[in-house]
C-alpha cells in the first residue's frame, strides 16, 4: 500500500489538491490522507470548500507527499508545515508540490541546488530557496526525490507521472482513460506567453484579490 | 452575483466537482454552494474526501447547477435529486452535468429530445432518457439551457465555457491563465479510441471496483 499525504493549510487552492488526489486515489493500492498541524476542517482560498484533515502525528511516515499551493502559502511559510516537510522528506519516496506549494518545499530546504517550477507568478521567488527556476510544467529531480509542478491544473499532469512511478505506465494510462483526461480547453490562454497582454493583466489582478481574501 | 450550486451525493467523483468549482469560484461575481437532500458531510467514491453541503431548501433558486457524476449515481437516481433538478431547472440560467451526472439530468426529464454526453462507459444509457448520445467532450443545448460534459476531467473544459457565458471571453481566458490550464498529459490515452485495448480493459475493470466500493 502506497500512502499519499496532502498537507493542507487555510487558503489552499482546491484544484491543486483534488486534481492529483483524483488520479492517485483512483490508483489501486494507493491510500490518501489529508493532514494539518491541527486536525479539523481546512478551508480553501475561496472560502466555500473545506476538507477534513487529520493531524501531522496521525500519519508519521507518508510514502508520497503532495504540497498544494494557494494564496495561503504566504502564511503557511511561517507556520509548522516547512519543518514537518523537512522531517518526513527523510523517508518519503517522493516529495512533490503543485503551484506555490513549491515555496513551502523551498522553505523546508528541499529545493537547494535543484531545478524547480511553481505558479508562473512566483517563479522569480525560487532562487530565494536556492532553486534554479524553470518554466517547465513538471520538473523531476528524481535523484533528490523531489518533483515540482507549475500552477494549479499542472498537478494533474504531475500526478499521472506519479502513478506511472508507483504502478507503471499501463495503470497510469488506465487512470487517464477512466478520468477521460483528453483536454480540450475552449481557449488557448493557459500560459503567460499564450495569453494576451489584457488577459495577463486581468489574471494578475486576481492575485491581489486572492491574497486579500485569505489574509483579511 | 451568480450563484452556482453543486448537488452532492455519496459516491460522487471529487474531480467532477472541484474541476468546475475551481474555474467558477475564481470568477469574480460568482458564489458557489454545495447542496444535498440532508445537510452535512458528503463522501466521495474513494471514501477519503468529504465536502460539507447545505440542504436543498437553503438554496431555493440557483442560477447555475452543475451535477457531478460518480459510481454513486446508481443510488442517487432513485433518491430525491432528480425531482429537485426538475424543480430548480425551471428557473436556472444553465443546468449542467459532468460524467455520469448526465444520467441524473436524464432522470429529471431534462434531456428529452436533446443531444448529450456523459462518461464514455455510460453513453449507451442516454437513450433511456430520450437523449441523443454523442461522443463530444462538451455538448451545449443552449435553447434548452442544458450543457453536458463527458467523463471526470471534461468538467474543467465545460466550466471555462460557463465562465465565458457568465462573464465573457476575456475573464474566462484570465481564469484559464491563472489556473495555468495549458494541459500537457504525459500520455495520450484520454479516450477509448486513443488508449490501447489492454488499457481499455484495465480501465473497465475499475468500474466494477468503484461500484462495489460505493454500494457495499
Single condition residue B:61 does not satisfy, out of (1) surrounded by fewer than 24 Cβ atoms within 10 Å (Cβ to Cβ); (2) facing chain A (nearest Cβ under 10 Å); (3) over 15 Å from the mean Cα position of the chain (by Cα); (4) touching a residue at least 24 places away in the same chain (Cβ under 8 Å)
(2)
The range A:170-205, residues that are out of contact with any helix residue (DSSP H, G or I) (no Cβ under 6 Å at 6 or more places or on another chain) and farther than 30 Å from residue B:202 by Cα
A:188, A:191, A:193, A:194, A:196, A:197, A:198, A:200, A:201, A:204, A:205
Select from the range B:181-192 the residues that are within 20 Å of residue A:151 (Cβ to Cβ) and surrounded by fewer than 24 Cβ atoms within 10 Å (Cβ to Cβ) and list them in ascending order.
B:183, B:184, B:185, B:186
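Do you know which residues across the range B:201-216 are within 7 Å of chain A (Cβ to nearest Cβ) and under 22 Å from the mean Cα position of the chain (by Cα)?
Residues of the range B:201-216 within 7 Å of chain A (Cβ to nearest Cβ): B:202-203, B:206.
Within the range B:201-216, B:203, B:206 qualify.
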Among (1) closer than 23 Å to residue B:195 by Cα; (2) within 7 Å of chain B (Cβ to nearest Cβ) - the single one residue A:167 does not satisfy:
(2)
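In the range B:71-78, is there at least one residue being within 14 Å of chain A (Cβ to nearest Cβ) and in contact (Cβ under 8 Å) with a residue 12 or more places away in the chain?
As a first pass, look at the range B:71-78 and keep what is within 14 Å of chain A (Cβ to nearest Cβ): B:71.
Narrowing the set further to residues that are in contact (Cβ under 8 Å) with a residue 12 or more places away in the chain leaves B:71.
The answer is yes; a qualifying residue exists.
Mind checking which residues of the range A:46-58 are over 25 Å from residue A:118 (Cβ atoms) and either surrounded by 19 or more Cβ atoms within 10 Å (Cβ to Cβ) or touching a residue at least 12 places away in the same chain (Cβ under 8 Å) (or both)?
Restricting attention to the range A:46-58, the residues satisfying the condition of being over 25 Å from residue A:118 (Cβ atoms) are A:52, A:54-55, A:57-58.
Those that are over 25 Å from residue A:118 (Cβ atoms) and either surrounded by 19 or more Cβ atoms within 10 Å (Cβ to Cβ) or touching a residue at least 12 places away in the same chain (Cβ under 8 Å) (or both): A:52, A:54, A:55, A:58.
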Might you let me know whether the range A:197-216 holds any residue that is farther than 19 Å from residue A:123 by Cα, at pLDDT below 95 and not in a helix (DSSP H, G or I)?
yes
Which residue pairs have Cβ atoms closer than 9 Å, lie 6 or more positions apart in sequence or on different chains, and pair a first residue in the range A:205-216 that is more than 13 Å from residue A:13 (Cα to Cα) with a second residue that is modelled with pLDDT under 75?
none
Residues of the range A:89-116 being farther than 22 Å from residue B:180 by Cα, touching a residue at least 40 places away in the same chain (Cβ under 8 Å) and part of a loop (DSSP other than H, G, I, E, B), in sequence order, are A:92, A:93
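Kindly indicate which of B:143, B:157 is at the interface with another protein chain (Cβ under 7 Å from one of its Cβ atoms) and either on the phi > 0 side of the Ramachandran plot or assigned to a helix (DSSP H, G or I) (or both). First the steps, then the outcome.
Numbers: B:143 fails: at the interface with another protein chain (Cβ under 7 Å from one of its Cβ atoms).
The unique qualifying residue is B:157.
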Is one or more of the residues making up the range A:134-146 closer than 23 Å to residue A:83 by Cα and without any contact (Cβ under 8 Å) to a residue 12 or more places away in the chain?
yes
The range B:122-140: number of residues that are within 14 Å of chain A (Cβ to nearest Cβ), at pLDDT 95 or above and within 17 Å of residue B:192 (Cβ to Cβ)
5
Residue tally, condition at pLDDT 95 or above and at the interface with chain A (Cβ under 9 Å from one of its Cβ atoms), over the range B:26-44
6
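The values are calculated or read from the model by the stated rules, or taken from the named source; none is laboratory data. On a predicted model such as this, the values are computed, not experimentally measured, just so you know. Because the Cβ atoms are built from the backbone with ideal geometry, glycine has one as well, and the counts that use them run over all protein chains shown.
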